[in-house]
1. Taking each pair of different alpha-carbon atoms in the range 36-163 once, compute 1/r for the pair, average those values, and report the inverse of that mean as the Kirkwood hydrodynamic radius in Å to one decimal.
2. Given an 8 Å cut-off on Cα distances and at least 6 residues of separation, report the relative contact order of the chain as a percent.
3. How much length would be gained if the chain were fully extended between residue 4 and residue 41, taking 0.36 nm per residue of separation minus their Cα-Cα distance, in nm to one decimal?
4. Take residue 14, project a point 7 Å from its Cα along the Cβ direction, then tell me which residues of the range 76-118 have their backbone nitrogen under 17 Å from it.
5. Take each of the peptides 83-92, 15-24, average the number of other beta-carbon atoms within 10 Å over its residues, and list them starting from the highest.
6. Using 0.36 nm per residue, how much length does the chain from residue 129 to residue 58 gain when fully extended, once their Cα-Cα distance is taken away?
7. Under a point spin-label approximation (7 Å from Cα along Cα-to-Cβ), what is the residue 92-residue 65 distance to one decimal in nm?
8. Which peptide among 64-71, 144-151 comes first, and what is the full order, when sorted by highest mean count of other Cβ atoms within 10 Å?
Amino acid sequence: MAIERQEVAGIREDYLKDSFDEKQALANPIEQFNVWFDEAIRAEVNEPTAMTLATVDDQQRPHARIVLLKDIKPEGFSFFTNYGSAKGHQMEKNSFVSLLFFWSELQRQVRITGKIEKLPKQESDQYFQSRPRGSQIGAVASPQSQVIPDRAFLENRVKAVDEQFIDAEKITRPEYWGGYLVRPVAFEFWQGRASRLHDRVKYVSDEGNWIKERLAP
C-alpha cells in the first residue's frame with residue numbers, strides 16, 4: 001500500500017549534536033543516567049522528568065503513558081500515582097515495567113526495564129505533604145481511571161474535599177495514593193547521530209554486576 005501522507009513520511013531531522021561511545025560510558029548505569037539527567041537540566045530541556053511508563057494488562061496488551069520522575073536513588077527510580085488506577089492494577093499483576101526518557105533538545109533517549117515495588121508509606125507520606133494543596137486535594141478527589149459522567153462531577157468532588165479539609169492544618173495522604181520504585185535490570189542509552197547511525201549503549205544486570213555492550217543502530 002502506498003504512503004498516504006507523504007508530508008508525514010518526509011518529516012526528518014539529522015542528529016548532529018553529540019556522540020556517545022561505550023568506552024566513555026560510566027560503569028554504573030544509574031550514575032551515567034545522573035550525568036545525562038543533569039545535562040538535560042542545564043540545557044533547560046522541557047519537562048526533563050517526564051518519562052513514559054509502559055505496563056502490560058491481563059491480555060498482554062501494552063499500555064503507555066507519561067508520568068513524572070520524582071527521585072533517582074542508587075537502587076532505582078521513583079514516581080507517585082493512584083494505586084487504584086489502571087496502571088496501578090496492571091503493575092500489581094505484572095511487576096515488570098519499562099521507562100523511557102526522551103530529551104529531544106539533546107537528541108537523547110534512555111530506555112529502562114525494571115521490576116516495580118511500592119515505596120514505604122513514610123516516604124509516600126513525606127512526598128505527599130510536599131505537594132501543593134491543590135495537588136493534594138486532586139489526589140484525594142479523583143477516582144483515577146474510573147469512568148465519570150462529566151467534568152462537573154470531578155469539580156464537585158474537588159469542592160467537597162476542599163470543604164472537608166478547609167480547617168485542617170494538613171491533608172492526610174489517602175491509602176490509595178503513593179509511590180513506586182522501579183529497580184532496573186537493563187538500560188539503553190541512545191544518542192542520535194548523523195544518517196541514523198546512532199550510538200546505542202546497553203547495560204544488563206548480571207548477578208549484581210552491570211555488563212556494558214554497544215548495539216548497532
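1. Taking the inverse mean of 1/r over all distinct Cα pairs, the range 36-163 comes out at 16.5 Å.
2. Values: 359 pairs, mean separation 55.3, N = 217.
The normalised contact order for the chain reaches 25 percent.
3. So the chain would gain 9.4 nm between residue 4 and residue 41.
4. What the label zone holds, given the 17 Å backbone N cut-off, is 107.
5. On the way: 83-92: 18.2, 15-24: 13.0.
Ranked from most to least packed, the peptides come out as 83-92, 15-24.
6. Result: 22.2 nm gained on full extension.
7. 1.5 nm
8. 64-71, 144-151
Only the coordinates and a few stated rules stand behind these numbers; no lab work does. Just so it is clear, the structure is predicted and the values come from calculations on it, not from any experiment. A quick note on method: Cβ atoms are made from the backbone with ideal geometry, for glycine too, and the neighbour counts reach across all protein chains shown.
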